[in-house]
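The values are calculated or read from the model by the stated rules, or taken from the named source; none is laboratory data. Model, not experiment: these values are computed from the prediction. No Cβ is skipped: glycine too gets one built from the backbone with ideal geometry, and neighbour counts run over all protein chains shown.
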Amino acid sequence: MEFGYTIPLQKYLKMEEPLSQKAETASFFCWDLHLLTVQGRKAVLAMNCTSRYSILLYDMKETDWPCLTDLVESEIKVAILREGLSKFEAARYFALGGPQKISPPHGPNPAERLNCAMAALIQQFPLLDESRLSQPRLCHVLNGGTYDVEGFSGKPREVFLAGFRWL
């Protein structure tokens, strides 16, 4: 499983830019992570690089940052199960994705994909549940919308779920 940290996230975490390596991980198992400030609180938007399927972790606390990749991985698993797939399919996804790696963002223009998701996210702020780190209601709406950006057109949920047919 490969997590591409955007420059704002790298700066916030005070980390050096991850070494740019030739991607060994198939893009279905890669997620770009971006730092947002939503209503004055720190949040992380994680987007699958193939499907544009997104999850949001809202109101991140200082204790959450050291285990960011574990939190995102856990939320991906919950999302897979919430979408009606089995525990076996979730376990297979993570087994095939391999060990966690941190990298630079994926693809020629990750900012365009993330900005498109953020624009859709802004319209859905009334769905934020301020009592939860995980935001399933907001993400359900976000992943059901249609994206039209260079190289991608479709509903993230449909594309993400279709990817499991090939596992």
Residue in the stretch 87-98 that is loosely packed, with under 14 Cβ neighbours inside 10 Å and under 16 Å from the mean Cα position of the chain (by Cα) present
no
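For Asn143, are the conditions met, namely being of a type in the set (S, T, N, Q), assigned to a helix (DSSP H, G or I) and under 13 Å from Asp32 (Cα atoms)?
No, not satisfied.
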Restricting to the stretch 24-64, and then to whatever is assigned to a strand (DSSP E or B) and polar (S, T, N, Q), can you tell me which residue is surrounded by the fewest Cβ atoms within 10 Å (Cβ to Cβ)?
Thr37
For the stretch 128-164, give me the residue count where each residue is modelled with pLDDT under 85 and either aliphatic (A, V, I, L, M) or more than 16 Å from Arg52 (Cβ to Cβ) (or both).
1
In the stretch 65-86, anything crowded, with 16+ Cβ neighbours inside 10 Å and acidic (Asp, Glu) is listed as Glu73, Glu75, Glu83
If I filter the stretch 77-94 for residues that are over 30 Å from Trp166 (Cα atoms) and of a type in the set (D, E, K, R), do I get at least one hit?
no
